[in-house]
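The values are calculated or read from the model by the stated rules, or taken from the named source; none is laboratory data. Remember, predicted model here, so these are calculated numbers, not experimental data. Here the Cβ positions follow ideal geometry from the backbone for every residue, glycine too, while neighbour counts run over all protein chains shown.
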Amino acid sequence: MNTPPFRSHLMQQFYSAAKNQSRPPLVLASTFRSKTGNDEGSTRRVHHHRASTTSSPMLSSLNALEVSHSLSSSSRSFREASSEAKSASNNDATQQHHVYEPSISAQSLQQMISSRRTVSNFLHHPPTSLPVEGGIQCQQILSNAIRRAVECASTAPNHKMSEPTTFHRIFSPSAASERLLDISYEVTYQRLLLNKLSGVEACRNEAMRKREKWSKIPAFIVATVGGMEDQYNEEEEQSPYAELPLNAPHTIQQLEGYASSCASIQNLLLSLHSEGIASKWATGTIIRTHALRNLIGCKKDDMVVGLIMVGWTKQVPRMPRRRRVLEGDVLKDVNI
Ligand SMILES: Cc1cc2nc3c(=O)[nH]c(=O)nc-3n(C[C@H](O)[C@H](O)[C@H](O)COP(=O)(O)O)c2cc1C
């Protein structure tokens with residue numbers, strides 16, 4: 001009998017429906033391949049995979065379901081696979097080697113990780129629901145998802161358990177988000193003026209266009225890392241919207257803190273993605289301004305590592321082309 005490889009009733013239904021499609025959903029592609037015993041198919045090429053162009057919060061949620069449902073089985077599969085391999089080699093040395101294959105849950109997780117994309121066009125609501133009906137509900141969904149994402153973020157590796165990262169959350173619309181949009185407008189306007197690429201009116205229009213684009217983002221998270229060099233000099237009089245000089249991590253401890261913070265942010269993005277929520281990690285000029293630092297209440301030695309935009313999207317972009325090949329370039333064996 002062709003039994004679906006999922007215990008979850010929901011996943012079984014999804015599996016049966018997807019099986020009859022000419023192009024199965026990407027999230028299940030590896031499942032179908034491994035069911036047919038196609039060894040080539042089950043050898044993953046995560047690195048070269050091109051993401052689907054359609055947004056699929058449902059797929060992502062189902063994927064998340066399946067991951068959480070069967071994560072606990074991955075170590076068992078590994079043990080089973082190793083003991084199978086051992087007995088195979090004991091029984092018949094000339095028999096073909098059993099190649100270890102990651103469990104379906106491991107493949108799902110890997111697929112989930114590699115299908116995360118940076119999104120630039122946001123919606124305040126999932127593409128399947130109407131804008132007005134779910135306003136408050138959507139914010140509640142986002143609030144809970146961000147809480148879970150920060151929980152994941154806080155489990156990132158951090159040397160000497162320094163736990164250096166803080167996440168400042170801003171929902172939109174709110175007084176804080178309005179201030180953030182104003183800051184974005186001013187920073188863009190002043191930067192364009194400074195570059196003298198166009199006239200005052202054109203600079204204003206461009207800054208307003210950006211403000212409007214940002215107003216479609218339902219939540220922002222500003223990630224900061226503590227214990228850095230002082231990020232500004234009190235004596236220097238500066239516009240709150242001008243870019244502060246970069247004061248990068250200097251000591252090993254600061255570098256480790258910054259590195260840990262980046263790992264935290266990636267965890268955060270992945271957790272959101274696993275729930276079908278889109279994001280963008282941005283490091284534009286705005287994160288190095290007094291205005292943004294004041295808005296979130298930064299201490300002098302806090303460095304802003306990123307402004308993360310969070311929400312839903314109609315279309316997940318394709319993965320930008322990766323130029324480097326995996327074998328022998330990104331991944332190199334060290335042989336001596
Ligand atoms: C540290 C960091 C800073 C980034 N800053 C920006 C940014 O300021 N603006 C932007 O549009 N994208 C930014 N990105 C997103 C990258 O452009 C994006 O990750 C890259 O194009 C690869 O796309 P992907 O995330 O979909 O794989 C940043 C990414 C990282 C890791």
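Numbers below:
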{"item": "Residue among Ala278, Ala219, Ala282, Ala248 that alone is closer than 27 Å to Met112 by Cα and either without any contact (Cβ under 8 Å) to a residue 60 or more places away in the chain or among the hydroxyl-bearing types (Ser, Thr, Tyr) (or both)", "result": "Ala282"}
{"item": "Residues located in the range 261-288, provided they are more than 14 Å from the ligand (Cβ to nearest atom) and on the phi < 0 side of the Ramachandran plot", "result": "Ser271, Ser274, Glu275, Ile277"}
{"item": "Residue check for Gln254: within 22 Å of Gln231 (Cβ to Cβ), surrounded by 15 or more Cβ atoms within 10 Å (Cβ to Cβ) and in the same structural domain as Leu181 (by TED's automatic domain parsing)", "result": "yes"}
{"item": "Search result, residues across the range 109-161 that are more than 16 Å from the ligand (Cβ to nearest atom), of a type in the set (Ser, Thr, Tyr) and out of contact with any Cys (no Cβ under 8 Å at 6 or more places or on another chain)", "result": "Thr128, Ser143, Ser154, Thr155"}
{"item": "Lone qualifier among Gly311, Gly306 - being more than 13 Å from the ligand (Cβ to nearest atom) and in contact (Cβ under 8 Å) with a residue 60 or more places away in the chain", "result": "Gly311"}
{"item": "Single residue of Ser172, Ser154, Ser177, Ser129 found to be without any contact (Cβ under 8 Å) to a residue 24 or more places away in the chain and touching a helix residue (DSSP H, G or I) at 6+ places or on another chain (Cβ under 9 Å)", "result": "Ser129"}
{"item": "Residues (part of a loop (DSSP other than H, G, I, E, B), surrounded by 18 or more Cβ atoms within 10 Å (Cβ to Cβ) and either at positive phi or within 16 Å of the ligand (Cβ to nearest atom) (or both)) located in the range 206-242", "result": "Ile217, Met228"}
{"item": "Qualifying residues in the range 243-254 (those that are within 15 Å of the ligand (Cβ to nearest atom) and among the hydrophobic types (A, V, I, L, M, F, W, C)) - the one nearest to Lys160 (Cα to Cα)", "result": "Ala248"}
{"item": "Residue match in the range 194-203 (condition: within 28 Å of Thr313 (Cβ to Cβ) and of a type in the set (Val, Ile, Thr))", "result": "no"}
{"item": "Hits in the range 293-315 - residues which are within 27 Å of His125 (Cβ to Cβ) and out of contact with any strand residue (DSSP E or B) (no Cβ under 7 Å at 6 or more places or on another chain)", "result": "Leu295, Gln315"}
{"item": "Odd one out for Ala176 among (1) more than 16 Å from the ligand (Cβ to nearest atom); (2) under 29 Å from Gly227 (Cα atoms); (3) within 19 Å of the chain's Cα centre (by Cα)", "result": "(3)"}
{"item": "Residue in the range 267-322 that is nearest to Val187 (Cα to Cα), counting only those that are over 21 Å from the mean Cα position of the chain (by Cα) and among the basic types (Lys, Arg)", "result": "Arg288"}
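Every residue, every condition in (1) more than 25 Å from Phe171 (Cα to Cα); (2) at pLDDT 95 or above; (3) not in a loop (DSSP other than H, G, I, E, B), yes or no:
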| residue | (1), (2), (3) |
| --- | --- |
| Gln253 | yes, yes, yes |
| Ser264 | no, yes, yes |
| Cys298 | no, yes, no |
| Asp301 | yes, yes, no |
| Gly311 | no, yes, yes |
